[in-house]
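Participant: Encoded as structure tokens, here's the structure I'll be asking about.
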């Protein structure tokens, strides 16, 4: 037998460590999408803390994490919920555990342009410059869960935690690279290549071949008409499958062949900058 100690947040929002005991045959199994432990993690999701797996929180030293723990609250992230509005005060900082949040630039005509996606690898609302008003909207694209903390309390912890300051600075750098590459992507690549990037980035964050997205939501993320998404999807009919309110990725290899270079560049930069990155 072997044992693995995992740390995370319980359903009550408290930081806990859980000891998993398993047979020797699984001793070297990596904990990730293709792990033999993935089924155990999913089946025990309500009992264990694997569903609370924000990379920034889990990488903090225990003593510095405890500074955040006292003010962290577990919250649901319903799809289409806007947790941050451009120009409005930032009230809470969110650490997603499950789900995907998009950062969007709102336009005068009521539309928006997606510039970045954030999942369990990141943070929404917090930055090393400690701005008090949001520069972008933050919209939940795939429902999930998060831990949140008041902005004032978060900044107080940053004053005391060098590890948190370092992680937030790294996240700022990763987001800057993401935004820059997204701008180049919109200017350079056609909709079908950009759609591949969007879908692959979401899949990377939810570890599922079925993405709970409508064509309308995807069109909004790509800042195009729904009919444009339909036409782009026809070019990818061997790689994706549309269902009501769902997009199934049936051939990831074909998606990776069709995706723009921006996907790989963003992935490499984020992986280098953030701990145990999931993207």
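Read the figures in this text as sums done on the coordinates, not as results from a lab. No experiment lies behind these values; they were computed from the predicted model shown. Cβ: placed from backbone, ideal geometry, glycine included. Neighbour counts: every protein chain shown.
Participant: Compute the distance in nm between two label points, each set 7 Å from the Cα along the Cα-to-Cβ direction, one at residue 176 and one at residue 73.
Facilitator: 3.3
Participant: What do you get for Rg/Rh of region 83-135 when both radii come from the Cα atoms and Rh is the Kirkwood radius? Walk me through the numbers on the way to the answer.
Facilitator: Numbers: Rg = 11.5 Å, Rh = 11.9 Å.
When Rh is taken as the Kirkwood radius, the ratio is 0.96.
Participant: I want to make sure I understand the PRE zone here: with the label point 7 angstrom from the Cα of residue 254 toward its beta carbon, which residues in region 188-229 have backbone N atoms less than 14 Å away?
Facilitator: Residues passing the 14 Å test: 196.
Participant: Find the percent of Cα-Cα distances in region 62-186 that exceed 25 Å, and round it to a whole number.
Facilitator: Working: 1542 of 7750 pairs.
Tail of P(r) above 25 Å: 20 percent of Cα pairs.
Participant: Further question: Scaled to the compact-protein estimate 2.2 N^0.38 Å, what is the alpha-carbon radius of gyration of region 190-259, rounded to two decimal places?
Facilitator: Values: Rg = 10.6 Å, N = 70, 2.2 N^0.38 = 11.1 Å.
Here the answer is 0.96, to two decimals.
Participant: Let me ask something additional. Report the Cα-based extents of region 100-255 along its three principal axes, largest first, to the nearest Å.
Facilitator: 52, 34, 25
Participant: In vacuum, with every alpha carbon of region 119-169 counted as one equal point scatterer, what does the Debye formula give for log10 I(q)/I(0) at q = 0.18 Å⁻¹? Two decimals, please.
Facilitator: With no solvent term, the Cα-only Debye profile gives -0.66.
Participant: Per Stokes-Einstein, at 20 °C and 1.002 mPa s, what whole-number D in µm² s⁻¹ belongs to region 180-221, with the Kirkwood radius over Cα pairs as the hydrodynamic radius?
Facilitator: Values: Rh = 11.1 Å.
Reported coefficient: 193 µm²/s.
Participant: Let me ask you something else. Run the quick spin-label model on residue 226 and residue 59: label points 7 Å from Cα toward the beta carbon, then report their separation in nm to one decimal.
Facilitator: Between residue 226 and residue 59, the simple spin-label model gives 4.0 nm.
Participant: Per 5 Å bin, what is the whole-percent P(r) computed from every C-alpha pair distance within region 124-209?
Facilitator: Taking every Cα pair in region 124-209, the percentages come to 2, 10, 16, 20, 20, 15, 10, 5, 2, 0.
Participant: While we're looking at this one, here's another question. Quick one: Cα centre-to-centre distance for region 73-119 and region 124-155, in angstrom?
Facilitator: Using only Cα atoms, the two centres lie 8 Å from each other.
Participant: Arrange the following residues from fewest to most other Cβ atoms within 10 Å of their Cβ: 98, 152.
Facilitator: Values: 98 21, 152 11.
By the 10 Å Cβ count, ascending: 152, 98.
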